[in-house]
Amino acid sequence: MPTHPIHRRYYAEDLVRLRRAGERWRQVASQRRGRVDPNPHQIDAVMFALKRIPQGGCILADEVGLGKTIEAGLVIAQLLAEGAERVLVVLPRPLLGQWQNELFTLFGIEAVEVASASVDLTGTGVFLVGREQAGSDGGFERLRQAPPFDLCLIDEAHEVFAGIHRRFDKDGLYEPESPHARTAHRVREIIGASPVLLLTATPIQNSLSELWGLVQYVDPSGTLLGDKPTFEKVFCARDGRAVAVEQAEELKRRLNTVVQRTLRRQAQEFLDKPFVGRRAQLFEYTMSAAERALYDDVTDYLLRPQLHAFEGRSRQLLLLGFHRRMASSTAALAASLERVAGRLRDMLDGESRDDDGLGHQGSYALTDEGAYALPEGANALTDEGAFAQDLEEEHEPAPDGTPDAPDIDDDPDPETVREELALVEDFIARAHALPHDSKAASLVKAVRLVLDRPQDRHRMVIFTESLTTQAYLRELLLGQTELRDEDITLFRGTNDSPRATQALARWREEVGATLPPDRRPSPGVAARLALVHEFETRSTVMIASEAGAKGLNLQFPALEPPAHRAAHRPLPSLRAEARRHGHQLPRHR
């Protein structure tokens, strides 16, 4: 008899069922219907979910790469086999096509993408809806008026839905006008009394309050963790990020009733094909004297107490976002400085500014990321706005008495604006005059190392947060390696370049034409699938933005040997730089 807890539980479940003559064998229908051979940890997760769903739902929080989508598909297939008629899946819009394809390919489930008002939400079936649409005014009204669902599944739940805690102030009072978690609250209202299945690999990112927010979806009574003030008082350490040591075991006991989590190291020994070993190789680089001087001078500029280009409540948020761009590449730095200069010129010309800083709607947006719809109330410093949304919470005065940021000067002194513009233009000229980018040069060495290996075919996936850097790296690789234009695929939030259009045409001819009309994805989803197909069949290198790569599945059979991945990600700390330069960052109201 197997002795591992997973196997013991699996056989115990079977024995219990054998003693209940009137109960159908669960999981059997879903496994027969599916074209998958689930691993032990996935069977364990499915059993846990099927037990919890009648009680309100649960959170499946397996580590990245352990197959939560397969677990969810098995749960959906089993519920449909048992008579469920309506299932709603809420997920990031870029993942719609991937989910639709995997549900059909692996489980024979024909899910419907709710892409327009023409889709009938009153019938039976599995409905896929982007969370952006579910949080919009029109989408919210349509879903709220639809009949109840037998199951509501939320993928990547941590990205937005952990934020429901932000709708409550420090006293636990509900804030109906708070923009930070409107989407989360609307989806919670859509769910109603339906059971919920949340999928997330990272249930906690910044604070324990996020975990409290997730549990509110699967604990209808609200008694498991109490209200928000009680939870923070009992279970949270003073900083709110860690659990109080004396309450760690009690919190774990309570969470075990609604959260199922397996780590890679726990599942490894039971897999027929163990995970490919990860080997990290660090490529260090040193800034040139000119790069270091420019970096320091721009940092000093950003830390000035009074700046016309960065005023108002978004000051600190914009500083941090700008610093990330500085760390990405000199090309990204120059592009952002051009936008700042354009903003200052507009001020001299008398044009109005938006009070929210260089937001994504402004003429000189700090970011050039072409992402999908942003969460309401978020700026576009990052692809999905999550970075901006998180930082907007930092609005309370600093305990050390650091002064707040100055209010917006509605009538700036033209002379000081000109001086600031001249300084920014000098930065731009110095950035363009740099002979090379030391960080990018180090990346080229890494790419050459992979290309020079003896295998027949090489693959690389490069991640970056900046579209400017993405385009710069493409040109750099074309000029300094043997890679050709067709060897490089760019993947971003909005894929509308000529190369992407060509890839879409090829995909429609080679793949899309084989799909039945009712299973053909929307244009945006098809564009993503086309670029993955391009990388699978033609390209050697994929350079992906953070928004584009969200939920990206590159586990296709043809990828032999496995892709080598090179991360080109800026990881600056503005507060560390501030301390190094002898400054303090202001707190903002």
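Each value in this text was obtained by applying a stated rule to the coordinates, not by laboratory testing. Keep in mind the model is a prediction, meaning the values are calculated, not measured. Here Cβ is always computed from backbone atoms with ideal geometry, including for glycine, and neighbour counts include all displayed protein chains.
Which of Lys68/Lys439; Lys68/Lys228; Lys68/Lys233 have a Cα-Cα distance over 31 Å?
Lys68/Lys439; Lys68/Lys233
Quote the relative contact order of the range 180-299 in percent (integer), defining contacts as alpha-carbon pairs under 8 Å separated by 6+ residues.
Computed over the range 180-299, the figure is 16 percent.
Work out how much length Thr122 to Leu423 would gain on full extension: take 0.36 nm times their residue separation and subtract the Cα-Cα distance, in nm to one decimal.
Length gained between Thr122 and Leu423: 102.3 nm.
Taking the Cα-to-Cβ direction at Ser522 and at Glu415 and moving 7 Å from each Cα, how far apart do the two end points lie in nm?
5.5
Report the local net charge at Asp437: Lys and Arg +1, Asp and Glu -1, summed over other residues whose C-beta lies under 12 Å from its C-beta.
-1
Find which of Ile109, Gly135, Ser207 sits farthest along the positive direction of the dipole of the range 27-270, computed with +1 on the beta-carbon of Lys and Arg, -1 on that of Asp and Glu, about the Cα centre.
It is Ser207.
Between Lys233 and Ala441, what is the label-point separation in nm under the 7 Å Cα-to-beta-carbon projection?
With each label placed 7 Å out from Cα toward Cβ, I get 6.0 nm.
Considering the dipole of the range 47-150 built from charges on the beta carbon (Lys and Arg +1, Asp and Glu -1) around the Cα centre, which of Leu79, Gly56, Pro148 is farthest to its positive end?
Positive-end residue among those listed: Gly56.
So how strong a dipole does the range 27-270 carry about its Cα centre when Lys and Arg Cβ are +1 and Asp and Glu Cβ are -1, to the nearest 20 debye? If you can, show how the numbers build up before the last one.
Details: 27 positive and 32 negative charges, 52 e Å.
For the range 27-270, the charge dipole is close to 260 debye.
Within a 10 angstrom radius of the beta carbon, how do Glu269, Glu420 rank from fewest other beta carbons to most?
Fewest to most other Cβ atoms nearby, the residues stand as Glu269, Glu420.
If we count other beta carbons within 10 Å of each Cβ, what is the order of Leu214, Leu490, fewest first? Walk me through the numbers on the way to the answer.
Details: Leu214 27, Leu490 23.
The fewest-first ordering by Cβ neighbours comes to Leu490, Leu214.
Using a Förster distance of 41 angstrom, determine the FRET efficiency expected from the C-beta separation of His432 and Arg484, and round it to 0.05.
Here the calculated transfer efficiency is 0.90.
Sum up the charges of everything whose Cβ sits under 9 Å from the Cβ of Thr330, counting Lys and Arg as +1 and Asp and Glu as -1, but leave Thr330 out. The partial results should precede the final answer.
Details: positive: Lys439; negative: Glu291, Asp437.
Result for the neighbourhood of Thr330: -1.
Would you order Arg519, Arg292, Arg459 from fewest to most other beta-carbon atoms within 10 Å of each residue's own beta-carbon?
Listed from fewest to most nearby Cβ atoms, that is Arg292, Arg519, Arg459.
Assign one of three labels to the range 27-270, namely rounded, prolate or oblate, based on the Cα gyration tensor with a ≥ b ≥ c the square roots of its eigenvalues; rounded applies when a/c is under 1.5, prolate when it is not and a/b is larger than b/c, and oblate otherwise.
Because a/c hits 1.5 or more and a/b fails to exceed b/c, the range 27-270 counts as oblate.
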